[in-house]
Amino acid sequence: MKKKTTPTPVKKPLPKILKNKWYLYMTEFFAGMSVMAVELGASRLLAPYFSSSQIVWTIIIGTIMIAMALGNIYGGKSADKNPDPDKLYGRILIASVWIAAVPFIGKLAIAGIAGLLVITVNTNFLIWAAFITCMTVFVYPLFLLGTVTPSLVKYTVDSLDDSGSTVGTLGAFNTIGSIIGTFVPTFISIPAVGTAVTFLIFAGIMLLIGLVYFISSKTGAVKTAVASVLFVVCCFASPSMGFAFWEKGLTYEGESVYNYLQVSEDDSNVYLSTNVLFGVQSVYVKSGELSGMYYDYAMAAPLMTEKPDSADILVLGMGTGTYAKQCTAYFSDVTAEGVEIDDRITDLAHEYFELPEDIKVTTYDGRAFLAACDKKYDVIMVDAYQDITIPFQMSSVEFFTLVKDHLTDNGVMVVNMNMRSDSADGINNRLADTIASVFSEVHTVDVENCTNRELFASNNADMLALLRRNTEKLTNEPLKAMMNTVQAELVPYTSGGKILTDDKAPVELLGMRVIDDIIQEELVYYKKQFKEKGIQGLLE
């Protein structure tokens, strides 16, 4: 009885272009570059919806690693079973078109996934939304690019004698490409032309790699034609869709190295938002009146000092300068300056929010600024927290000690905590516990009709008495009424002793819990609409 054997596949002669190892190395180089560019682009695509926190980055990196691992396995098996380079470069064409379409299909997918989760998920909304979006939008094209390396090994290794050096060279080209793909989007393409065009640039590079192969080998005419047409369509469709594509009449929409930026306005106000889902980060009241937001409450800080009209104020997290402008407008001779890490926000502040040129803004990280600064201030406002993107280095006992060291003897720190929660182990209580370990006097007040909580801290036991006396002297009635409200609602904070440090400050996990609770409160309305009216209710 003859033993049954599996026929050995006939090896197709390699096209002439693949006999040039430099072309294979360039394929590896640009594949590595595109993978990293897509990873960074993914973070920018998701950030306006789900934040750019470490949690979201973990989801992005994890799902991409899954895609690459599966691609490596499939690519290796495919190369052994049927080492036809047409298949590899066909996959590269598909990946390039998919990547080009990501800015368009990705935003639609996010909207659809978020709408679905509204009616199905009760906890960890942001985690599920970010994870499913990554699995839906990014896994497939990166799975295809993950097949590149094992396939190229098949075509580049001539014998076991040179296999080590050949595979090492491929790996080096992949790594160098990855390095360039890391720096170019962050420092060049995204700030210059935006996320959508960045995706198109790197998709176009991979498309060109595929086209060169098929044209030189005189095969795949239909594949190249279809891929080219689809890519051109994506070139028109992807940049045309904004992050907040459902909103019309935005005054400005753009990106910086750090943020998605959106400016909108109505008859009364101009608003800055750095996140599609989490509301407004700065506001300018055209009439010059109080904003009706947390800035008004924070104006109690100068009144807690000996000379509010001549206080020296520093704002860490300047934004568009709302707080600094209000203080200079309502107190006769104060000086105010700010620190803002995103210089594009400062540009927008001058362009749309009428930030005066004489209010100094330093482009720097808030903590690094304090570490390099010798000046002391009467008031320091910490306003660097937004959604769950809380910089841990500005949340620790070491940071608040640094703030204390830059305050005058009876100076006051005011902190805007924008995720109010009654949880004993929530982010706000952890921050307040940490602050209470540095300052002897800590008081908080909840801002009406929003999730903000203002915290005032000082080592001056008379801070509340000063607030009361200075409020009585105010001649501006709206400000006086607001300060009376703050006085009536201020409560002393009792520490629970749970202190955040530079070594251990899980601010994003703590913040995620609060955000989850806030989202669930907001989703009650939408779930009710869906129950009563179905999909039409959500669309309305």
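Values for this structure:
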{"item": "Some residue of region 191-201 being touching a Cys at 6+ places or on another chain (Cβ under 9 Å), part of a helix (DSSP H, G or I), in the same structural domain as Phe30 (by TED's automatic domain parsing) and not β-branched (Val, Ile, Thr)", "result": "yes"}
{"item": "Boolean, Asp425 is modelled with pLDDT of 90 or more and outside any strand (DSSP E or B)", "result": "no"}
{"item": "Residue in region 173-183 that is touching a Ser or Thr at 6+ places or on another chain (Cβ under 9 Å), surrounded by fewer than 21 Cβ atoms within 10 Å (Cβ to Cβ), assigned by TED's automatic domain parsing to the domain that holds Thr149 and of a type in the set (Gly, Ala, Ser) present", "result": "no"}
{"item": "Checking Gly537 against (1) at pLDDT 95 or above; (2) of a type outside the set (Val, Ile, Thr); (3) under 31 Å from the mean Cα position of the chain (by Cα), the condition it does not meet", "result": "(1)"}
{"item": "Residues within region 267-317 that are in contact with a Ser or Thr (Cβ under 9 Å, 6 or more places away or on another chain) and without any contact (Cβ under 8 Å) to a residue 60 or more places away in the chain, tallied", "result": "14"}
{"item": "Which numbered condition Leu261 misses (of (1) in contact with a Gly (Cβ under 6 Å, 6 or more places away or on another chain); (2) without any contact (Cβ under 8 Å) to a residue 12 or more places away in the chain; (3) not acidic (Asp, Glu))", "result": "(2)"}
{"item": "Region 361-410, residues that are among the hydrophobic types (A, V, I, L, M, F, W, C), in a strand (DSSP E or B) and within 26 Å of Asp347 (Cβ to Cβ)", "result": "Val361, Val379, Ile380, Met381, Val382"}
{"item": "Filtered residue count, region 1-35, keeping only those that are farther than 19 Å from Asp86 by Cα, at pLDDT below 90 and of a type in the set (A, V, I, L, M)", "result": "1"}
{"item": "Single match in Val233, Val270, Val229 (criterion: farther than 30 Å from Thr156 by Cβ and not assigned by TED's automatic domain parsing to the domain that holds Lys21)", "result": "Val270"}
{"item": "When residues of region 366-394 are limited to those that are buried (at least 17 other Cβ atoms within 10 Å of the Cβ) and charged (D, E, K, R), the one nearest to Phe439 (Cα to Cα)", "result": "Asp378"}
{"item": "Matching residues in region 16-67 - criterion: being among the β-branched types (Val, Ile, Thr) and either under 23 Å from the mean Cα position of the chain (by Cα) or more than 24 Å from Ile94 (Cα to Cα) (or both)", "result": "Val35, Val38, Ile55, Val56, Thr58, Ile59, Ile60, Ile61, Thr63, Ile64, Ile66"}
{"item": "Residue in region 307-330 that is farthest from the chain's Cα centre (by Cα), counting only those that are over 24 Å from Ser273 (Cα atoms) and surrounded by fewer than 22 Cβ atoms within 10 Å (Cβ to Cβ)", "result": "Lys307"}
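The values are calculated or read from the model by the stated rules, or taken from the named source; none is laboratory data. Small disclaimer: the values here were computed from a predicted structure and weren't measured. Positions of Cβ are backbone-derived with ideal geometry, glycine not excepted, and every protein chain shown enters the neighbour counts.
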